[in-house]
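See structure below.
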Amino acid sequence: MATPLLRLAGVTKRFGGVPALDALDLTVAPGEFLALLGGSGSGKSTLLRIVAGFESADAGQVLLQGRDIGALPPHRRPVSMVFQSYALFPHLSVFDNVAYGLRRDGVPKAEIARRVAEALALVGLEGLAARRPAQLSGGQRQRVALVRSLVKRPPLLLLDEPLGALDAGLRERTGFELRALQRATGAGFVMVTHDQAEALALADRVAVLETGRLAQVGPPRELYERPATRSVAAFLGAANILEGRVRADGAVECGAGCLLRPAHVAPAFALRPERIRLVAGDPPAENGIAARVRDLAFRGDGWMAVVALPNGGEWRVTLPADAAPPAPGDPVALAWAPEALAPLSA
Amino acid sequence: MRRALVLLPPFLWLLLLVAAPVVILLGIAVSEGAPGVPPFTPAISLQDGWRGTAQNLLTLAQDGYYAAALLRSVLVAGVTATLCLLLAYPMALGIAAAGERWRVLLLALVLLPFCTGFLPRLGAWIGLLRDGGWVNGVLIALGVTTEPLPLLYSDGAMYLGMVHAYLPFAVLPLAATLLRRDMSVEEAAADLGASPWVVFRSVTLPLSLPGAAAAFLLVFIPAAGEFVIPELLGPPEALLVGRALWGEFFQNRDWPLAAALAVALLALLIVPIRVFQGLDEGGSRRGASPPARGPGERPGMSK
């Protein structure tokens, strides 16, 4: 790979002795869309603010296109940030908001007018150039914030929960538009989010942050199918976690009373609800278990069943909508393919 | 109905404490002076009906003495308010930037002068500035000057006293405005390439204008009618409206003319209030919540 767009090497940040980021290494390739996924307190916003220059790292390097920018003040860094609150200038018109960064760079007047008009057209805000931010809807403000940063053509755009302040109907569409905008501009995007569906849907790669450390980095599908740790599995939707004991013959006894025959041996596995199927008769001796339905919920595209295991544990199982579902209290036989077991390292 | 009941007390209050005094003042201003107590014949009475006169207001307009006093008072108040604003802004910025514990301490220090009497504070200035005072004593001891400098009873001493007395009124609204500001907007400006000075000039300062307007008015309005400070610290020849009022009221016992002068001052003060009110409304409109819109609305459709 050529020089990465952004490279973080051993970045550490403590707030009052508590580490917010702990020797973190991360790279972003040019034109890549990376999602930083984590709960509150995971350090994801701190990471973004360190790259933008609003916080300084206690240790480690921040390299942008191979150049150490760690000592530069925010206004000298060629990265741009979209704030969660949008942080539009309330006293300036939409045009002046978008032109602000270009004026700071001393771009000639005529070119500013042309580039701002282009940028506003890109997000369908041509007619609103004279409005004040207070006269815009939430979605419109989000677009203004986006093009205000993009109009400077930064190689790297940082987005702090860009969809967080939008209501559900607008989120999905804006997400697609964000993705299209990223492809059109070719800029690298680093998006902070706590919403796993958003991260999986938009990003080329997802980095899961956990108390200041990277738990796992990978393409969305890989993360979803092969979570590396229990917490990543738990964070990326409701996966069932199977604790096991490895036997000499390569099989794994799971705590719930089933015998696993996985593709790769590990002390614990994640098993997605949709990878479990109902079988007629007795469950198979390996990769199967008998359970009892405790609860059933219709989800539109299928049924979500909560089943009770012989040892008292609970699993979630997704059943197709077209099949007649079992009733609560019914005994069921469950089975899964060996590949469905995602080994967990921790 | 409930709304009217809720609004009734403040309306009564305003009627009693603001509207009624102004009406009485206006009434005296159009009355004719007469020997007696009170020293005027009411402009309107049950027996005689209307007996008012515009003579007092005409006198104000014709006699340059009063116009000069009004003008000079507005000028002194304007200079005082500007000086207070210039001093208060950095103080308010510092207070806003300070941590929680420091902020309380700094605000307490701003308010500390109010704990001492107003006249003792002026007395202290007189003690410092008079010919045999501390400042001249130190200057002579250092050999800067051989004769005491005429510091007291000058414009400088007057402005010193005015700024000293009114500065807290400018600091408090500015500090409140600057404390409330959204720091992410300033971060966004820096992120877009603005140096700290440009961030201040293009974002912090314009967004704090409503607070600055409030600070200016809170100093300007009382300073325009100030009587004691110019009298005790200012030059003897300086004629301000406060002194003119005092003279007409207590020395000449010409209540109607004094009232007319007060009305003229009131009218003059309404001009800057209106101007700054416009500024303030602009500010609150900017901060207002956006018009309600459906989430599915396409941008560019509404105009």
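We did not get these values from a lab; they are worked out from the coordinates using the rules stated. A quick note: this is a predicted structure, and the numbers were derived from the prediction, not measured. Cβ atoms come from the backbone with ideal geometry, glycine included; neighbour counts cover every protein chain shown.
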- Exposure proxy ranking, count of Cβ atoms within 10 Å, fewest first, for B:Ile270, A:Ile50: B:Ile270, A:Ile50
- Among B:Thr145, B:Thr204, A:Thr3, rank each residue by its count of other Cβ atoms within 10 Å, from fewest to most, as a rough exposure measure. B:Thr145, A:Thr3, B:Thr204
- Message: Between A:Gln61 and B:Leu25, how high is the FRET efficiency from 1/(1 + (r/R0)^6) when r is the Cβ-Cβ distance and R₀ = 45 Å? Nearest 0.05.
- Response: 0.05
- Bridge orientation stat for the range A:238-344 from DSSP, antiparallel percent rounded to 5, came to 95 percent
- With helices defined as uninterrupted DSSP H runs, which ones in chain B have an alpha carbon span along their own long axis of at least 30 Å and mean Kyte-Doolittle hydropathy of at least 0.0? B:64-97, B:155-180, B:255-287
- Task: For the range A:255-272, take each phi angle, set θ = phi - 60°, evaluate the Karplus expression 6.51 cos²θ - 1.76 cosθ + 1.60, and give the result in whole Hz per residue in order, putting x for glycine and proline.
- Result: x, 6, x, 10, 10, 9, 10, x, 5, 10, 7, 7, x, 8, 9, 9, 10, 6
- Ordered by residue, what ³J(HN,Hα) values in Hz, to whole numbers, does the range A:186-197 give under the Karplus form 6.51 cos²θ - 1.76 cosθ + 1.60, where θ = phi - 60° and Gly and Pro are x? x, 6, x, 10, 10, 10, 8, 8, 10, 9, 5, 5
- Taking only the alpha-carbon positions of the range A:238-344 as identical scatterers, the Debye log10 I(q)/I(0) at q = 0.10, 0.13 Å⁻¹ comes out as -0.26, -0.43
- Task: Using just the alpha carbons, could you tell me how many Å³ per residue the convex hull of the protein assembly as shown encloses?
- Result: 281 Å³
- Message: Tell me the angle of helix A:94-104 to the major Cα principal axis of chain A, expressed in degrees between 0 and 90 and rounded to the nearest ten.
- Response: 70 degrees
- Query: Taking chain B as the region of interest, what is the percent of Cα-Cα pairs per 10 angstrom bin, listed from the shortest bin to the one with the maximum distance?
  - Reply: 5, 18, 24, 24, 17, 8, 3, 1, 0
- Of the options B:Ala108, A:Leu200, B:Gly127, report the single residue whose Cα projects farthest towards the positive end of the charge dipole of the protein assembly as shown (beta-carbon charges: Lys, Arg +1; Asp, Glu -1). A:Leu200
- Message: Given a 10 angstrom Cα cut-off, can you work out which residue in A:Asn240, A:Asn287, A:Asn311 is the most mobile in a GNM of chain A?
- Response: A:Asn311
- Message: Could you tell me the center-to-center distance, by alpha carbons, between the range B:127-179 and the range A:155-171 in angstrom?
- Response: 55 Å
- Task: Lys and Arg at +1, Asp and Glu at -1: add these up for the other residues within a Cβ distance under 13 Å of A:Pro267 and post the number.
- Result: +1
- The aspartates and glutamates whose Cα lies under 15 Å from the Cα of A:Lys152, excluding any fewer than 8 residues away in the same chain, are A:Asp96, A:Asp105, A:Glu111, A:Glu118, B:Asp191
- Quick one: compute the contact order of chain A, relative version, from alpha carbon pairs under 8 angstrom and 6+ residues apart, as a percent. 16 percent
- Note on the structure: In the protein assembly as shown the DSSP beta bridges are antiparallel at a rate, in percent to nearest 5, of 75 percent
- Alpha-carbon Rg with Dmax, taken over the range A:2-139, Å: 17.7, 51
- Rank the residues A:Lys109, A:Lys13 as a footprinting-exposure proxy: fewest other Cβ atoms within 10 Å of their Cβ go first. A:Lys109, A:Lys13
- Which three lengths, in whole Å and largest first, does the range B:76-209 cover when its Cα atoms are put on their principal axes? 58, 31, 28
- Message: Skipping prolines and chain starts, which residues have an amide H placed within reach, meaning under 5 Å, of the one on B:Glu32, given they are 5 or more residues away or on another chain?
- Response: B:Thr41
- Message: Counting pairwise Cα distances across chain A, what percent come out greater than 25 angstrom?
- Response: 60 percent
- Task: Would you pull out the residues with amide H under 5 Å of A:Ala23's amide H, same chain only if 5 or more places away, H placed 1.01 Å from N?
- Result: A:Thr12, A:Lys13
- Percent RCO, i.e. relative contact order, over chain B, from Cα pairs under 8 Å lying at least 6 residues apart: 26 percent
- Item | In nm, spacing of pseudo-spin labels at A:Ala280 and B:Glu100 (7 Å Cα→C-beta vector) | 6.7 nm
- Rel. contact order, % - alpha carbon contacts under 8 angstrom, at least six apart, the range A:12-113: 18 percent
- Asserting the computed 222 nm helical MRE of chain A (DSSP H runs at least 4 long, -39500 (n - 2.57) per run, divided by residue count, to nearest 500) equals -7000 deg cm²/dmol
- Query: Under the rule of -39500 (n - 2.57) per DSSP H run of 4 or more residues, summed and divided by the residues of chain B, what mean residue ellipticity at 222 nm is obtained, to the nearest 500 deg cm²/dmol?
  - Reply: -21000 deg cm²/dmol
- In nm, to one decimal, how far is the modelled label at B:Arg2 from the one at A:Arg221, with both set 7 Å along Cα→Cβ? 6.0 nm
- Message: Quick check: convex hull over the Cα atoms of the range B:1-79, volume per residue in Å³, rounded to an integer?
- Response: 173 Å³
- Note on the structure: Neighbours of A:Val18 by Cβ distance under 15 Å: Lys/Arg at +1, Asp/Glu at -1, summed charge -1
- Env charge @ A:Ala233, Cβ radius under 11 Å, K,R +1 / D,E -1, value +2
- Where is the GNM fluctuation largest for chain A (alpha-carbon springs, 10 angstrom cutoff): A:Phe54, A:Phe95, A:Phe235? A:Phe54
- Once you wrap a convex hull around the alpha carbon atoms of the range A:162-277, what is its projected area averaged over all directions, in nm²? 9.6 nm²
